[in-house]
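Trainee: Pasting a structure below so you can have a look.
The values are calculated or read from the model by the stated rules, or taken from the named source; none is laboratory data. Quick caveat: nothing in here was measured; it's all calculated off a predicted structure. FYI the Cβ positions are ideal-geometry reconstructions off the backbone, even for glycines, and counts take in every protein chain you see.
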Amino acid sequence: MKLIVAALTTAMILGSASFALAEDLEFMLTNLTSANVEEFYVSHVGTDDWEENLIEGAYLPSGNEVSVNIMDGRLTCAYDIQIVFDDGDVIEDYDLNLCDLGGYTVQ
């Protein structure tokens, strides 16, 4: 497995999202579980399929966080999230307003 280093916070560009003032949607993803996050998907509400894995080739270790930037050109804050852990568990959360949340913590 590859280890996420501190540089991931600044080097990780996850997907894309522009809204009203052409600003990117940025939030903190925090992993407070005992497992590592191996896959992280953020899809616009109303999309039938999960979009690309935003941490492909890396993982988010237990107890760590990363800044996520979404720059998908959509004028929305409403997204669905799917998280896949290295132990095989999967969490899905739907219809989240990521603009209001400012972060997402997996517990």
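Trainee: Return the residues of region 60-101 that are under 11 Å from Phe27 (Cα atoms), in contact (Cβ under 8 Å) with a residue 24 or more places away in the chain and of a type in the set (D, E, K, R); say none if nothing qualifies.
Mentor: Scanning region 60-101 gives a single hit, Glu65.
Trainee: I would also like to ask the following. For region 46-60, how many residues are surrounded by 15 or more Cβ atoms within 10 Å (Cβ to Cβ) and of a type in the set (D, E, K, R)?
Mentor: 1
Trainee: Would you please name the residue that is modelled with the lowest pLDDT, looking only at residues in region 15-64 that are assigned to a loop (DSSP other than H, G, I, E, B) and of a type in the set (Val, Ile, Thr)? First the steps, then the outcome.
Mentor: The initial filter retains those residues of region 15-64 that are assigned to a loop (DSSP other than H, G, I, E, B), namely 15-17, 20-22, 32-36, 45-59, 61-64.
Filter once more, so that each one left must be of a type in the set (Val, Ile, Thr): 33, 45, 47, 55.
Values: Thr33: 96, Val45: 93, Thr47: 87, Ile55: 81.
The selected residue is Ile55.
Trainee: Answer yes if at least one residue in region 69-76 is modelled with pLDDT of 85 or more, over 15 Å from Phe40 (Cβ atoms) and charged (D, E, K, R), and no otherwise. Spell out the reasoning first.
Mentor: From region 69-76, those modelled with pLDDT of 85 or more are none; that's our starting set.
No: region 69-76 contains no residue that is modelled with pLDDT of 85 or more, over 15 Å from Phe40 (Cβ atoms) and charged (D, E, K, R).
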